[in-house]
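Chemist: One structure, pasted below without further comment.
The values are calculated or read from the model by the stated rules, or taken from the named source; none is laboratory data. None of these values were measured; they are calculated from a predicted model. As a convention, Cβ positions derive from the backbone with ideal geometry for all residues, glycine included, and neighbour counts pool all protein chains shown.
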Amino acid sequence: MKKILASVVALAMCAATITSVSAAELNQNSAEKGATNFSFELKADPTYTVTIPETVSMEKEGSQVELSVKDAANLDGKKISITVAGTNYFRDQMVLENLEASGPRDSMRYQIITENGDVIETNAGAGITAVGKEIASFTEDGTKSYTVKPVVQSNNRPGVFTGSITYGISLVD
């Protein structure tokens, strides 16, 4: 008897899980009309403005670079992420070149040091690039800075070394 009762209870539970839920049941004799209410929330698209400097003159000890975000709205729990998208040098290496130097090409690496102390650098020999590494992120309006610092070697000749970085700016989780 217990086995039969347990089987009936189990069958009832299975039937309950596959039964569909409906707002109204109508048949051929129903005078009513069926209806379904729909809802949809149209969310505003995220908006923000990121300001990055066009030119920075590096000092030997490092220089501050300010990044700012304003008019941040409708981020829906996401953050604005500013990353390294690339550089002007071969294989996206973070390198400055002295193009005025006579003789062999003269170049030096540079580093990015984030606000929390992370050091971003590249190494062509090891195949390490900075592409995709986050420099700063924002969840609201504000300003953050990072330090950019040349890695001067004893064999670097005096002159003006130049290079550039391209930023990736995106909304991420």
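Chemist: Taking the range 52-91 as the search range and keeping residues that are surrounded by 11 or more Cβ atoms within 10 Å (Cβ to Cβ) and hydroxyl-bearing (Ser, Thr, Tyr), which one is farthest from Gly142 (Cα to Cα)?
Modeler: Here the residue is Tyr89.
Chemist: Hey, another quick one. Please specify each residue of the range 117-171 satisfying the condition of being of a type outside the set (A, V, I, L, M, F, W, C), more than 18 Å from the chain's Cα centre (by Cα) and surrounded by 16 or more Cβ atoms within 10 Å (Cβ to Cβ).
Modeler: Selection gives Glu121, Thr122, Thr147, Lys149, Pro150, Asn156, Gly163.
Chemist: Go through Lys79, Lys43, Lys2 for me and flag whichever is at pLDDT below 80, among the basic types (Lys, Arg) and either in contact with a Lys or Arg (Cβ under 8 Å, 6 or more places away or on another chain) or over 30 Å from Thr162 (Cα atoms) (or both).
Modeler: Just a single option satisfies the conditions, and that option is Lys2.
Chemist: In addition: Just to be sure, is Gln64 under 30 Å from Gln153 (Cβ atoms) and either modelled with pLDDT of 95 or more or out of contact with any Lys or Arg (no Cβ under 7 Å at 6 or more places or on another chain) (or both)?
Modeler: Criteria met by Gln64.
Chemist: Would you please name the residue that is nearest to Arg105 (Cα to Cα), looking only at residues in the range 42-68 that are hydrophobic (A, V, I, L, M, F, W, C) and in a loop (DSSP other than H, G, I, E, B)?
Modeler: Applying the filter and picking the extreme gives Met58.
Chemist: Right, Ala130: of a type outside the set (S, T, N, Q) and closer than 28 Å to Thr51 by Cα or not?
Modeler: Numbers: of a type outside the set (S, T, N, Q): yes; closer than 28 Å to Thr51 by Cα: yes.
Judged against the criteria, Ala130 is a match.
Chemist: Shifting gears a bit: Quick check on my filter: what residues within the range 132-173 are part of a strand (DSSP E or B) and closer than 16 Å to Val95 by Cα?
Modeler: The answer is Thr147, Val148, Lys149, Pro150, Val151, Thr162, Ile165, Thr166, Tyr167.
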